[in-house]
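Following: one structure in structure tokens, then a few remarks.
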Amino acid sequence: MSIKEGYIIDFISGQEVKATPEEVEAVQIFAQQLVEDYNYPEEQIQTRPQFRVKVRPSDTKKEYPIDIAVFKNKSKKEDDVYIIVECKKKTRKDGKGQLQDYLRFSKAELGVWFNGEERLFLRKFEKDGKVIFEEIPNIPVAGQRIEDIGKFRQRDLKATHNLKAIFKSIRNHLAANTVGATRDEVLAQQLMNLIFCKLYDEKNTAPDNIVRFRAGVNEKPKDIETRIIEIFKDVKTHLPEVIDTEDRINLDTNSIVFVVGELQNYSLTNSERDVVADAFETFIGKALKGGQGQFFTPRNVVKMMVDILAPSETDKIIDPACGSGGFLIDALKYVWDVADKKYGELGWKETQIEKKKLEIATNNFRGLDKDYFLSKVAKAYMNLVGDGTTGIFCEDSLENPNNWKTETQLKIHLETFDVLLTNPPFGSKIPVTGEEKLRQYDFGYKWKFEEDNGKWEKTEKLKEKEEPQVLFVERCLSLLKDGGRMAMVLPSGILGNEQQEYLRQYILDKGNLFAIVELPFETFSPNVTINTNVLFIQKGISSKKNIFISINEYCGHDKKGRQTDKDDIPNVAKLYNSKKSNENNFFINPTFLESSFIAKRYLKKYIDNLDKIESSKHSIVNFGDIITSVHNGANIDDSSIYVEKKQGIPYILVKSITKEGINFENLKHIKKSLVTDRDVVKNTVDENTIVMTRAGNAGIAANIPPDLVGGVASGFLINIKIKKEIDPYYIVSFLNSEYGQMQLERISSGSILQSIRSTDLKKIKIILPPKEIQKSIGKKLKEAVYAAATARTKIEEANNDIINLL
């Protein structure tokens, strides 16, 4: 059934409804929770047509539409309405007031306010002739008395598909209402403490016994708090590797009651791992600001990396920048799934299989993170799925292993791991410094290209600092044993920068690069927007196997983080494992690998374009062979130097450059006094200059018209001069042709903006016919450039004539 654009199908009625934020983020989510989490039959719930109540007691018409109404039976009579749900008001205060009005003018006993971010539960009753409203921890599940809210036997706890909304509600409520703790990281640590209480209670309560992690309607808040604190004491006693002795539950009483009320219905241990992880990241993600390069790797990317590496139950697996533990969890799930199938087919009992899985988690999985908070998060994750918590350590992976804590050194050694998965922190704003730390690494030293052997060699000169992702490449390789496999997320810049070519040489010297996966630009949005790739490397194995190249456009969400239905990532591992190819997923012979690891360079359309050029009957030259000078334009960031047109020198911007020539409407002008500035002088243009866009819409070239001679090329342009015997108009025509543009697209790369480096530009193949053919082709472009200049001059003259009339 096709759905109208901008509409969705209502979960209860099956009707098409407008996809407003209120519907998508609140009404539909809670309607689904009522059915799946609270067990209310769909036949007792009404969304469309909307149930209505009066605005005032004296009204004869019922004008207030209720978002969701739950009835005591399937007849849905007005007198039988039991719960009403309001999803419209944005703030808790307004929502509570609106909900009270709805309850006052209806027969309903219970009310829920939920705006997609936060939840509130109200109970209505009469006392001394007055209508009283009381906040309660939750609503009862179907068939349960209000008085018995929270009184669950362990076996009655329900796995859920909607924990994300619950955790979101908890986070927003705590941020707005908690006394004495407002920072997201503090709140997240406190939530983890309560989650450990919940997990411990689930695991240590007999199926037929009432759980201790509960909040009842008629209980005093202090009694609930006391019971939770007692559970926490047990957790600290029995899980010392997860909870430190100095850890405390510092939330105020009301906040503890709120969290317990929100979570008490659910079984975290029996919920799907992905459901819990998504919910957990919803909460924890607010505490990660990215200042230390800390961002969650999207689950589809994690799963793709795990599926390609395909770890076995005997593999020793590590993430040296484990953060919240996402890679370890997915790898553990993968290995456990294989073990379930293998030992199930061998006829093992379920208890035997579970014991084996616990052994795998405890013995084979290791994680390091220097952030104490994140290492606690990883332990919480590992505890959620089974165990493996004893393999997580708070350490700086880039530190000398001899300086790690004793317990870490006992369990993590270099050159012992079979599988490594990681997304290390990266960025120039968080450099690694310190002579002792840098001396451990080959990459801690400067490297120099030796012309005589055509290779990069390490010098004896130590760097002052280095970006963490560079050192992580070396540390990851050192953690692997020979034959070990790794998958690592890296910014695109590191794969294409000429200055870091030594790093790519090092990778090929140390092992076999067997896959390059280019991720969509929005992959880490909305936290950060950066071009990233995943490199797959096997250490110490000389292989002639083809290299898998994958280029992906969609990642399942947009730049604002909103979910979309377009996602290329899930197909990547399938194509790799099946050895199937398509336009953007294919295999290349390792002999075709260049010094750049940028995936798109190996697209068939680009290779075919180069083959066409090479088949020309005319001479083929590298652009660098005919260039006499090439450099980036003048960077002038100070806006105070801009002046009116008649008072200044033309300053050519990137947006000025088009294939049709230079657009004078997009020029700026700078002070004439800058003619003595060295950078300005260097980038003053004449009719033999070619300017090319360097970044953004990179690779568009233009000639300089006569009325722009003396202007200045700006910083995001490349200023090019060629040999006098070569026609510059022909060269611009070639660069802007399909043959030129496909080559320029191929070499453009970068972590943030797509840009062109002069070293790559010099390698562009130019078809160079005899001079007369160059002149013939170039003449057409030159005539167009001059015609535009003449037109501008005539228009200016006409304008001056009008002025002179006055």
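The values are calculated or read from the model by the stated rules, or taken from the named source; none is laboratory data. Small disclaimer: the values here were computed from a predicted structure and weren't measured. Neighbour counts are summed over all protein chains in view; Cβ atoms, including those assigned to glycine, are modelled from backbone coordinates with ideal geometry. For the accessible areas, the whole protein counts, side chains as well, though only heavy atoms, and no ligand, DNA or RNA atoms are used. Shrake-Rupley method; radii C 1.70, N 1.55, O 1.52, S 1.80 Å.
Quick notes on this one:
- Using equal-weight Cα scatterers in the Debye expression, the normalised intensity of the stretch 550-684 in log10 at q = 0.10, 0.11, 0.12, 0.13 Å⁻¹ is -0.71, -0.81, -0.88, -0.93.
- With Cα atoms, 0 to 90° folded angle of helix 184-203 axis to the chain main axis: 50
- Per residue, the chain exposes 47 Å² of accessible surface when a 1.4 Å probe is rolled over the protein heavy atoms with every protein chain present.
- Set 151/349; 316/349; 303/605; 74/164; 461/510; 342/376 screened for pairs whose C-alpha atoms are more than 27 Å apart: 151/349; 303/605; 74/164; 342/376
- Alpha-carbon Rg/Rh ratio, for the chain, with Rh computed the Kirkwood way: 1.06
- Taking a straight Cα-Cα cut-off under 13 Å and skipping sequence neighbours fewer than 8 places away in the same chain, the aspartates and glutamates within cross-link reach of residue 458 are 442, 450, 501.
- Remark: for residue pairs 560/659; 198/233; 566/659, the C-alpha separation exceeds 21 Å in 560/659; 566/659.
- Gyration tensor verdict on the stretch 74-173 (Cα atoms; rounded if a/c is under 1.5, prolate if a/b is larger than b/c, oblate otherwise): oblate
- Cα gyration tensor shape for the stretch 480-540, rounded if a/c is under 1.5, else prolate or oblate: oblate
- Of the trypsin sites (Lys or Arg not before Pro) found in the stretch 148-234, those that fall in a DSSP loop while having at most 11 other beta-carbon atoms within 10 Å are 183.
- Both numbers refer to the Cα atoms of the stretch 348-387; Rg and Dmax are 12.5, 40 Å.
- Accessible surface of the stretch 220-273 [probe 1.4 Å, protein heavy atoms]: carbon and sulfur percent: 49
- Extension gain for the segment residue 682 to residue 209, taken as residue separation times 0.36 nm less the Cα-Cα distance, is 162.0 nm to one decimal.
- Between residue 783 and residue 400, the FRET efficiency from the beta-carbon distance, with R0 = 51 Å, is close to 0.15.
- Relative contact order (percent, whole number), the stretch 688-806, Cα cutoff 8 Å, 6+ residue spacing: 29
- Among the GluC sites (Glu not before Pro) within the stretch 344-435, those in coil by DSSP and having at most 14 neighbouring Cβ atoms inside 10 Å are 415.
- Counted residue by residue at 0.36 nm each, then reduced by the alpha carbon distance between them, the extension gain from residue 790 to residue 509 reaches 95.3 nm.
- Helix 604-614 vs. the chain, principal-axis angle (Cα, 0 to 90°, nearest 10): 10
- Nearest-0.05 FRET efficiency for residue 415 and residue 349, computed from C-beta distance (R0 56 Å): 0.90
- Additional length obtainable on full extension of the chain from residue 72 to residue 629, 0.36 nm per residue less Cα span: 192.2 nm
- Projecting label points 7 angstrom from Cα along Cα→Cβ for residue 2 and residue 619 puts them 5.9 nm apart.
- Among 443, 207, 722 - extreme Cα towards positive end, dipole of the chain, charges at beta-carbon: 722
- Across the stretch 327-395, C-alpha contacts under 8 Å between residues 6 or more apart give a mean separation that, scaled by the residue count, equals a relative contact order of 33 percent.
- Taking a ≥ b ≥ c as the square roots of the eigenvalues of the Cα gyration tensor, the stretch 429-473 is classed as prolate, since a/c reaches at least 1.5 and a/b is larger than b/c.
- Working from Cα pairs under 8 Å separated by at least six residues, relative contact order for the chain is 7 percent.
- Cα-only Debye scattering, the stretch 140-230: base-10 log of I(q)/I(0) at q = 0.20 Å⁻¹: -1.23
- Calculated FRET value between residue 439 and residue 363, using beta carbons and R₀ = 30 Å, to 0.05: 0.35
- When you filter the trypsin sites (Lys or Arg not before Pro) in the stretch 59-139 for DSSP loop state and at most 12 other Cβ atoms inside 10 Å of their Cβ, you are left with 61, 74, 77, 90.
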